[in-house]
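Visitor: One structure, pasted below without further comment.
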Amino acid sequence: MPYTRSRKKERSPKVFLFISSLTILVGAIVFYLYAYKPAAEQDKIHVAFKEALLEEDRTFFEEKVEYLGEPLSRAEALRFMGWLNDEKSIRGEAIAEVAKDRADRTSGMEADGLFRLIDTGEGRYGFSDYRIELLPQQIDVTSDVPLTNIWIDGQQVGRIDEADDTISFEKMPGQYDVKAVAVTNGETVTETETIQLISSKSIEYALMPESSEAIAGQFDLKRAELIEIEVEAQTGHSLETVDSLIGQSSQQVQETLGEPAGKREGKWDYERLTVTFKEEEVESIQVDLDKRPDDLIALLGEPKTKSEHPLGTEWDYGQSFFESFFTFFGLETEKQFIEKNDAMYLLIQ
């Protein structure tokens, strides 16, 4: 039988053209979706900023916004985003500022306003990649009373040593409660101002009261409230909670305060708090106020007398001051301020 060579079936040129066109189309779509489009979106930082604010996208602020060269923490991102959304007019100005800086890229790199755009240099396909840097804003604080302690959002940040002196702080843009605490004529006065920090801010406190306003009972009450704040700030527990443990068992102490950091003979140590037991009941509690003697004077004024105490030196502020404790807080235990090793303690027993 004669051999006949079969002819290989060739594909039509139209099939090759179709496959090639389909491959190019799919490649173009993939390139657009996963390369070109993300690069273009990175360039439109003003659009992403606005959308993240309106949608309350915390992740954007953690990834794309920084302060002093560090990305915002979760708490900072939530605080900053919440502030702008609460203050609608400031939010509008912030959105407009990012858009303006993006449009004028040269001025956007300068340290002016709330933000500065930073080009990371990682942009592709002719697009830029931006981060937003929050610019520090300065707070200048002046007081007409020497030894004025300044607090910002519950944290003591400094002290004005001389009357009419000024101290300065830098904070990221936001809302802050700035409080001044000073002693005038032996009485404690406080004043708090809430500020919207969108540019440098100056605060001048006039704390010197008129003589007709210096009512001892009112000042004693204010001083008692300050001590309550200090106890909770240092221990994490209210003064009423700590006071209620006097005479209680070790089991009740553990249920209230948790496991102690250390145990000694007859004593349990917690953070800035020591509990002393006698016959298995709480005899006394010593609270470390984290204050030097001159800090306590700035907070409460000079004591009426000082006397020796088994634990150090007792500061006596007079009966009316401690009556404010008992009347306002409903507490019946004895309280003493003790100076020991250049530190101040509140002794409850």
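Every number here is computed from the coordinates shown, using simple stated rules; none is lab data. As the structure is a computational prediction, the values presented were derived from the model and not from experiment. Cβ coordinates were reconstructed from backbone atoms using ideal geometry, including for glycine residues, and neighbour counts include every protein chain displayed.
Visitor: How far apart, in nanometres, would the label points at residue 264 and residue 103 be if each is projected 7 angstrom from Cα along the Cα-to-Cβ direction?
Guide: 6.8
Visitor: Provide the gained length on full extension for the span residue 59 to residue 163, in nm with one decimal, where the gain is 0.36 nm per separating residue minus the Cα-Cα distance. Spell out each step's value before the answer.
Guide: On the way: separation 104, 0.36 × 104 = 37.44 nm, distance 4.52 nm.
Between residue 59 and residue 163, full extension yields an extra 32.9 nm.
Visitor: Something else now. Considering only DSSP states other than H, G, I, E and B, which GluC sites (Glu not before Pro) in the range 258-291 qualify as loop sites with at most 14 other Cβ atoms within 10 Å? Could the numbers behind the result be given before it?
Guide: Values: sites: 265, 271, 279, 280, 281, 283; in loops: 265, 271, 279, 280.
In loop regions of the range 258-291 (DSSP not H, G, I, E or B), the sparsely surrounded GluC sites (Glu not before Pro) are 265, 271, 279, 280.
Visitor: Extension gain residue 276-residue 118, at 0.36 nm per residue separation less the Cα-Cα distance, in nm? Write down the numbers at each step before the final one.
Guide: On the way: separation 158, 0.36 × 158 = 56.88 nm, distance 5.67 nm.
Extra length available between residue 276 and residue 118 comes to 51.2 nm.
Visitor: Once you've got the Cα coordinates, tell me which of 179/306; 267/340; 171/340; 64/100 are over 24 Å apart.
Guide: Result: 179/306; 171/340 exceed 24 Å.
Visitor: For a quick check: sort 68, 207 by the number of other beta carbons within 10 angstrom, fewest at the front. Show your work: numbers first, answer last.
Guide: Details: 68 10, 207 18.
Starting with the residue having the fewest Cβ neighbours, the order is 68, 207.
Visitor: Still on this structure: Using 0.36 nm times the number of residues separating residue 316 and residue 232, minus their current alpha carbon distance, what extension gain do you get? List each step's numbers first, then the result.
Guide: Details: separation 84, 0.36 × 84 = 30.24 nm, distance 2.19 nm.
Contour length minus Cα-Cα distance gives 28.1 nm.
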